[in-house]
Every structure is written in structure tokens, then in C-alpha cells.
Amino acid sequence: MTTLSLRDDFPGLRTADGKPWHYLDTAATAQKPQAVIGAMARALGEDYATVHRGVYSRSAEMTLRYEAARRRTAEFIGGREDEVVFTRGATEAINLVAQTWGMTQIGEGDRIVLSTLEHHSNIVPWQMVAERTGAQIDVCPLTESGEIDLGALEALLGPRTRLVALGHVSNVLGSVLDAKRAAALVHSVSAKLLLDGCQAAPRLKIDVADIGCDFYVFSAHKLYGPTGIGALWARREILDQMPPYQGGGAMIDRVTFEKTTYAPPPQRFEAGTPAIAEAVALHAAIDYVESIGLARIHATETELVERLRTELGAMNDVTLFGPSDSAGIVSFAIDGVHPHDLGTILDESSVAIRAGHHCAQPLMDHLGVPATARASFGLYSDHSDVDALLEGIARTRRIFG
Ligand code: PMP
């Protein structure tokens with residue numbers, strides 16, 4: 001047993017009366033370790049001041065902390081610090097790329113390739129670009145086990161393909177993309193590759209230089225950090241080409257009513273007072289995750305996924321979705337039990353799962369179901385969580401007769 005016994009670091013993993021809460025919805029948002037909560041409290045308390053503008057020392061120190069968070073984020077994913085833009089989250093990061101790079105580099109008749117398993121936040125921003133530019137969207141199918149089919153991707157790519165935007169790890173199926181191979185294929189037609197790393201960043205060691213992608217996005221709140229902040233990484237030469245996203249303070253070089261000039265990236269894309277305390281807390285989250293190590297986190301989650309898939313796979317009224325080596329996430333359905341009913345009954349036993357379409361309706365259509373039940377693990381998950389889920393499923397069956 002390799003689970004990590006980290007529950008005590010997470011005050012959120014207890015119920016109001018102090019009992020263990022079996023939180024199996026980490027793919028939606030992760031619970032926060034005390035180290036992150038403390039860092040956020042200090043940043044809002046004794047260390048609090050604005051960044052980039054103050055002449056007093058507290059502000060200068062906070063500016064150093066904010067920029068240190070950018071450096072740490074860049075290092076965490078193998079990029080350069082001047083290539084990391086802080087955004088509100090992955091959704092805003094993808095919209096930023098769509099509205100700036102997309103609206104200037106994609107034109108009528110060009111093609112944007114997405115896959116069947118994408119989260120709505122990696123579909124809708126591209127539909128908006130396609131509607132406004134006259135570009136077309138191609139959908140890359142999945143293999144039978146639920147991975148993005150790179151053979152099919154290769155066949156879809158052509159001289160008009162400008163952008164391929166893919167989930168690095170599926171939030172429903174847990175399937176892991178061979179990102180390096182995808183990058184090589186996409187670059188063979190001189191298109192750009194955006195990876196949605198929301199579910200990958202908390203589970204896999206990311207090295208954007210090694211992968212060779214062009215854009216990488218993730219949200220801090222799924223990485224044991226706070227809501228309200230996420231990151232866009234893009235190659236510097238691409239960021240340099242991109243016009244601003246939002247106008248306002250902090251993103252300018254010089255403003256006159258005749259003409260305004262803009263700051264270089266990444267500041268060009270960070271209009272307004274940024275998420276200061278959130279950046280400091282994201283730094284603390286990355287430190288926490290790396291102090292445990294992504295290899296150990298992945299090993300723990302894999303052990304739990306394998307056990308849960310084996311146990312559920314042995315039940316003849318259960319359908320399992322996704323590949324057997326899914327990363328941290330298990331989606332399933334029980335014959336005759338709606339996932340929402342299962343979720344409600346499990347809640348009575350302090351087990352929290354997600355039931356629904358997981359913001360991936362095209363994937364639900366592909367699977368032929370309106371919803372799935374989804375159990376997702378985090379670095380604090382252990383066998384007691386799987387035990388509680390299995391007991392809850394047995395109880396649900398008794399209730400449904
Ligand atoms: N992509 C994936 C794969 C996700 O799981 C999520 C969050 N469910 C998002 C994008 C959107 O992230 P956020 O809501 O933090 O912007």
C-alpha cells in the first residue's frame with residue numbers, strides 16, 4: 001500500500017462533526033492543505049499590499065512574491081517565467097488564446113481540431129472563434145477505450161489546420177494523451193497545439209519544452225491551490241505576436257488619448273490589479289505538491305484507480321468508462337440507478353462523488369448516456385475512501401432492490 005497518509009494536512013476532509021469525509025470529487029476542485037490556507041491568510045493579512053505600483057516596501061515585497069509565484073509556476077511546467085500569464089483559471093486562459101491568437105491567426109476556411117472528450121471550456125471558445133471567422137471545427141474521435149485517437153488525428157490534419165486543442169488528461173475518463181506525439185503530428189502541418197492541462201497538472205510531471213506544445217493551461221484550484229487563478233503558458237514568440245485581451249491598468253506602456261502602447265508579455269495580458277494572494281497561495285500549492293512528488297501522487301492515485309476499477313468491474317450491473325490506466329479518475333454507471341440518486345445516497349454516508357455530464361456533453365453523447373457517476377482521487381485519497389464508496393454502492397443497491 002503506497003497511499004500517502006496526508007489527510008491531516010487537509011481541514012476540508014472532515015465533516016462538521018469531525019468525522020472523515022470521503023471526498024471523491026478532486027477532479028472538480030481539490031481540497032486545500034493547511035500550507036496553502038496559511039499562505040493565503042498571510043498574503044491577505046500581515047503581508048498584504050498591492051503589486052507593481054507601490055513605492056513603499058510592503059508593496060515592493062509583495063511584488064517580489066507575486067513574481068516569484070510566476071517563476072515557480074513556470075519552473076513547475078518547464079517553461080520560462082516571461083512565458084507565464086496569470087489568468088482567472090483555465091477557462092479564461094483558453095478564452096484569452098481564442099480571442100487574441102485565434103482571432104488574429106485563424107481565418108475563413110481554416111480548421112480547428114478538437115476531440116470528442118473535451119471539456120466545454122475547450123470547445124465553446126473555439127466555436128465562438130469559428131463563428132466569427134468562418135473557420136471550421138473538426139472533431140478527432142476516440143479509441144474504443146476512450147483515448148484521443150492519434151491515428152485519426154493524423155488523418156484529420158491538413159494544410160488549413162491552424163490549431164489543435166486537446167485535453168492532456170480527460171476529466172471524465174482519466175485518459176492520458178500522448179502529448180509529445182500529438183505535438184509532433186500537429187507541427188508536421190505547421191499548426192499549433194494547445195493542451196488543456198487541468199487534470200494533468202495535479203497528476204503528471206509536466207515539461208512543456210519536452211512535450212513541444214505551443215500553449216498549456218491549467219487552474220490552481222485543481223492543484224490544491226485557490227480558486228480565482230490559473231495559468232497560460234505560451235511560447236514567447238507566440239505571446240509576442242498576440243494583441244492584448246483586456247485593456248486597463250498594468251498592461252500598458254504609455255497611454256495618451258491619441259495612442260496607447262502596450263507592455264510586453266506577460267504584463268500585456270494582465271490588465272487590472274491581479275489575484276495577488278491567490279498567486280502567493282498557488283506558489284505554496286506547487287511547493288506542497290512537489291514536496292510530495294508527482295511520481296508518488298501518480299502511484300497513489302493509480303493504486304486506488306486499479307482497485308476501484310477491479311472491484312466495480314467484477315459487478316455485472318456496472319459499466320466502466322475509460323481506459324484501465326486512467327489517471328486518477330473513474331467514471332461508471334450502475335444499471336437502473338441514476339448517477340444523481342447514487343450521489344445523493346452516497347452523500348448520506350459522507351461520500352462525495354460527482355454525478356452529471358461533467359461539462360462534457362459531446363462525450364456523454366458519444367458514450368450514449370446522459371450522465372455518469374465519477375469518483376476522482378487526489379494525493380490525500382486512501383483505501384478508506386474506496387471502502388466507503390463500495391459500501392455506499394452496496395447500500396444503494398439494497399435501497400433500489
Ligand atoms: N478543462 C478540464 C479538463 C477541466 O476538468 C476543467 C474544470 N472542470 C476545466 C477545463 C475548466 O477549469 P476552470 O473551471 O477552473 O476554468
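The values are calculated or read from the model by the stated rules, or taken from the named source; none is laboratory data. Note that the structure is predicted; figures quoted are calculated from it, not measured. Cβ placement follows ideal geometry from the backbone for every residue including glycine, while neighbour counts extend to all protein chains displayed.
With (1) within 26 Å of the chain's Cα centre (by Cα); (2) surrounded by 13 or more Cβ atoms within 10 Å (Cβ to Cβ); (3) of a type outside the set (Lys, Arg) as the list, and Asp8 as the residue in question, which single condition is left unmet?
(2)
Would region 16-23 turn up any residue that is assigned by TED's automatic domain parsing to the domain that holds Leu389, assigned to a loop (DSSP other than H, G, I, E, B), over 23 Å from Ile297 (Cα atoms) and not charged (D, E, K, R)?
There is at least one residue in region 16-23 that is assigned by TED's automatic domain parsing to the domain that holds Leu389, assigned to a loop (DSSP other than H, G, I, E, B), over 23 Å from Ile297 (Cα atoms) and not charged (D, E, K, R).
With Ala165, Ala183, Ala179 as the choices, which residue is touching a helix residue (DSSP H, G or I) at 6+ places or on another chain (Cβ under 7 Å), within 11 Å of the ligand (Cβ to nearest atom) and either at pLDDT below 95 or on the phi < 0 side of the Ramachandran plot (or both)?
Ala165
Would you call Asp82 away from the ligand (no atom under 16 Å from the Cβ), assigned to a strand (DSSP E or B) and of a type in the set (D, E, K, R)?
no
In region 49-75, which residues are under 14 Å from Ala250 (Cβ atoms), surrounded by fewer than 19 Cβ atoms within 10 Å (Cβ to Cβ) and hydroxyl-bearing (Ser, Thr, Tyr)?
Thr50, Ser59, Thr63
Which condition does Ala327 not pass, out of (1) under 30 Å from Val139 (Cβ atoms); (2) assigned to a helix (DSSP H, G or I), if it passes all the others?
Of the numbered conditions (1) under 30 Å from Val139 (Cβ atoms); (2) assigned to a helix (DSSP H, G or I), the odd one out for Ala327 is (2).
Could you tell me which residue of region 219-244 is farthest from Asp25 (Cα to Cα), considering only residues that are surrounded by fewer than 21 Cβ atoms within 10 Å (Cβ to Cβ) and within 16 Å of the ligand (Cβ to nearest atom)?
Gly228
So Ile148 ticks every box in (1) more than 11 Å from the ligand (Cβ to nearest atom); (2) hydrophobic (A, V, I, L, M, F, W, C); (3) crowded, with 24+ Cβ neighbours inside 10 Å; (4) under 22 Å from Glu270 (Cα atoms) but one. Which box is left unticked?
Evaluating Ile148 over (1) more than 11 Å from the ligand (Cβ to nearest atom); (2) hydrophobic (A, V, I, L, M, F, W, C); (3) crowded, with 24+ Cβ neighbours inside 10 Å; (4) under 22 Å from Glu270 (Cα atoms) leaves (4) as the failure.
Any residue at all in region 225-245 that's among the charged types (D, E, K, R), closer than 24 Å to His283 by Cβ and at pLDDT 95 or above?
yes
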